[in-house]
Each structure stands twice: as structure tokens, then as C-alpha cells.
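Presented below is the structure to which this report refers.
The values are calculated or read from the model by the stated rules, or taken from the named source; none is laboratory data. These numbers were taken from a predicted model, which means no experiment stands behind them. Here the Cβ positions follow ideal geometry from the backbone for every residue, glycine too, while neighbour counts run over all protein chains shown. When the accessible area is computed, the model is the full protein with side chains, heavy atoms only, and any ligands, DNA or RNA have been set aside. Shrake-Rupley method; radii C 1.70, N 1.55, O 1.52, S 1.80 Å.
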Amino acid sequence: MRTRLQIGWEPAEPTDVDADVDERIDKLCGLLDGRRVVALTGAGISTDSGIPDYRSPGAPLHTPMTLEMFLSSPAFRRHYWARNHLGWRHMDAARPNAAHRALTELQRRGVLTGVITQNVDMLHTKAGTRKVVELHGCYGRVRCLDCEWLISRHRLARELDTLNKGFDERVRGRGAIEVAPDADAAIDDTSDFRMIDCPRCGGIVKPDIVYFGESVPKPLVRHAFSMVDEADALLVVGSSLTVMSGLRFARHAHRTGKQVAVVNRGATRADAIADLKIDHLASVVLPALAASATRGCALQHAR
């Protein structure tokens with residue numbers, strides 16, 4: 001059965017951070033000690049890198065791109081690509097923060113076996129983490145929906161710059177540009193923007209990203225489940241697990257008797273099944289976790 005992403009972009013209810021975060025981090029160290037850990041990450045791990053998210057408490061209200069919207073008309077696709085042509089550079093310029101680097105260090109220490117991410121920002125890869133499954137694709141590739149032709153986002157940007165000389169300057173001259181979590185810049189007048197079709201077959205080209213309403217490729221889902229099966233514990237970081245795309249892995253880990261720990265600002269749909277929940281910033285909790293592994297007082301190499 002094909003699992004569909006649910007549309008959910010309402011910000012979560014505000015919560016207070018855990019006042020006893022140090023004690024909870026100690027418990028997390030004990031919970032994961034000696035276990036092979038796979039991480040499941042969401043947008044909340046990247047907010048400290050300057051990439052906004054949809055669900056954190058206090059996040060501005062945004063409507064994410066849906067597949068139906070994208071396919072609805074050539075005019076809408078032109079509007080989308082004009083906005084993305086400006087916004088994607090913001091995501092491309094983002095750099096890994098302390099939380100991404102901490103996961104890389106945990107992997108280097110033999111604790112972390114891999115990462116399943118719902119993010120498209122490529123920050124885990126930029127941080128040097130290996131064995132990363134990008135459930136929802138990444139911003140760095142563009143694909144033809146008909147013939148599977150691929151082009152890098154950097155190369156496409158150069159082609160669009162040539163077709164749309166002066167577009168960036170005209171838009172940026174009107175003031176600051178707001179960028180949404182999916183790298184969509186908030187601009188209204190895009191009527192003069194020119195977009196390309198697939199040069200091979202004339203089909204529709206689309207970022208290699210799974211939009212809301214679109215299926216995650218089955219091979220990726222199977223690979224992600226195998227990573228959970230091969231681990232002893234699942235560490236959820238920066239995700240409210242609002243959509244089934246991520247929640248199913250937490251439920252699977254719990255159902256198969258694995259430890260489940262959650263680090264997230266705000267409530268998640270896995271709180272009821274988690275063995276430990278820490279309501280705090282990933283950039284605070286994960287570096288402390290990695291420091292414990294470095295000191296050798298917890299999180300010894302999984303046996």
C-alpha cells in the first residue's frame with residue numbers, strides 16, 4: 001500500500017523547555033549506552049542553521065508545496081520556480097550547526113549507525129555524516145517527471161540566470177525576502193519569469209523533493225526500515241512526527257522492542273511511546289550527548 005504524506009503545517013502549541021535538561025541528558029546517555037543507534041531527524045534540527053520549519057512552537061504559518069499545486073498549471077509552476085530560484089540559495093548557503101556535527105561525532109565514535117532524515121537541506125551530508133537516507137529527497141537535484149532526466153540545482157540556476165537576466169536584482173531591490181522551509185521565497189510578481197522544460201522530452205521538471213501529497217519512494221522506505229531493524233535504539237531529533245512519513249519508523253521501533261528517545265521542541269506524536277522525551281533544542285542536547293561519548297563515561301561503542 002502506498003503511504004501518502006499528510007498535509008500538516010499548523011505550528012505546535014508553545015511549550016516550556018525542560019528545566020531538568022541536564023538530568024534528562026544523563027538519562028539519555030544511559031538509555032543509549034552500548035546500543036547501536038539510528039537517528040530520525042526533522043526540520044527542528046536545522047533551525048539553528050537559519051532554515052525555518054513549519055511545526056515548532058511559534059513558527060510562522062506557511063502552506064507547504066503540494067504535488068497537486070505544482071501540477072495544476074504552467075502559470076503556477078512558473079510562479080513556483082521564480083520563487084524557488086531566489087529561495088534555494090538561502091538553503092544552499094546554510095551550514096551544519098552543533099546538532100548536525102554532534103551526530104557526525106557520534107557516528108565517528110561508533111554509536112550512531114546512520115541517519116534517516118525528513119529534511120531536504122543536505123546538512124547531514126555537509127556535516128560529514130555517512131549512511132544518510134533522505135526520505136524526502138534533497139534540494140540539490142532537479143528531475144523530469146516524465147523521463148527521469150536529472151540536472152543539478154546549481155546548473156539549472158545558471159541556465160535560469162541566463163534566461164532571466166536582472167530578475168534577482170529587480171526583486172531584491174524591493175526589500176528583504178522571506179524564505180519558507182521548502183526554500184520558497186515570498187514574492188508576488190513573477191509574471192516575467194521564464195522557466196525551462198525538460199530538454200530531452202519536453203516534460204515537467206521538478207525539484208527532486210517529495211512534496212506533500214506525494215509518495216516517498218518505496219526503496220527508500222524499505223532501506224530506512226532496515227536501518228531501524230539493524231539498530232537497538234531510535235533517536236528522534238527535531239521532528240513533531242506530524243506526518244506518517246516519519247512517525248511509522250518510531251512506531252515500528254517501539255513495536256519491535258527497541259528503545260525510542262525523542263529530542264524536540266514541543267510535543268510529538270511519539271511522546272506516548274517514547275522511553276524518554278527531552279523538550280529542548282537539538283543544538284543543546286546532542287553536543288552534550290556527543291561529549292559524553294568523548295569522555296567515555298557513557299555511550300561506549302555498541303557491542
- Compactness check, segment 19-167: C-alpha Rg relative to the 2.2 N^0.38 Å globular estimate gives 1.26
- Query: Quick one: with all protein chains in place, what share of the accessible area of segment 198-303 is carbon or sulfur, to the nearest percent (1.4 Å probe)?
  - Reply: 54 percent
- Task: Rounded to whole Hz and in sequence order, give me ³J(HN,Hα) for segment 208-222 from the Karplus expression 6.51 cos²θ - 1.76 cosθ + 1.60, θ = phi - 60°, writing x for Gly and Pro.
- Result: 6, 10, 7, 7, 4, x, 10, 7, 6, x, 4, x, 5, 4, 4
- Message: Given points 7 Å out from each Cα along the Cα-Cβ axis, report the residue 95 to residue 13 separation in nanometres with one decimal.
- Response: 3.9 nm
- In sequence order, calculated HN-Hα J values of segment 75-89 (Karplus, 6.51, -1.76, 1.60; Hz; x Gly/Pro): 5, 5, 5, 4, 4, 5, 5, 4, 5, 5, 4, 8, x, 5, 5
- Task: Work out, step by step, the length gained on full extension between residue 194 and residue 291: first 0.36 nm times the residue separation, then minus their alpha carbon distance; give nm to one decimal.
- Result: 29.9 nm
- Between the modelled labels at residue 68 and residue 26 (7 Å from Cα along Cα→Cβ) the distance in nm is 5.2 nm
- Note on the structure: Under the 7 Å Cα-to-Cβ spin-label approximation, residue 165 and residue 33 lie apart by a distance in nanometres of 6.7 nm
- State the Cα centre-to-centre distance between segment 121-144 and segment 18-35 in whole Å. 29 Å
- Task: Calculate one ³J(HN,Hα) per residue across segment 33-49 by plugging θ = phi - 60° into the Karplus curve 6.51 cos²θ - 1.76 cosθ + 1.60, and present them in order as whole Hz with x for glycine and proline.
- Result: 4, x, 9, 7, 10, 10, 9, 10, 10, x, 4, x, 6, 9, 5, 6, 9
- Item | Shape parameters for segment 199-244, alpha-carbon atoms, Rg then Dmax in Å | 15.4, 47
- Query: Taking H as built 1.01 Å from N, whose amide H comes closer than 5 Å to the amide H of residue 149, not counting residues under 5 places away?
  - Reply: 144
- Task: Can you figure out the FRET efficiency of residue 226 with residue 275, using R₀ = 22 Å and their beta-carbon distance, to the nearest 0.05?
- Result: 0.50
- Task: Straight distance only, please: which lysines reach the Cα of residue 27 with their own Cα at less than 18 Å, same-chain residues fewer than 8 apart left out?
- Result: 258, 277
- Note on the structure: The long-range amide H neighbours of residue 203, using H built 1.01 Å from N in the peptide plane and a cut-off of under 5 Å, are 198
- Message: Give me the extension gain from residue 255 to residue 126: residue separation times 0.36 nm, minus the current Cα-Cα distance, reported in nm with one decimal.
- Response: 43.2 nm
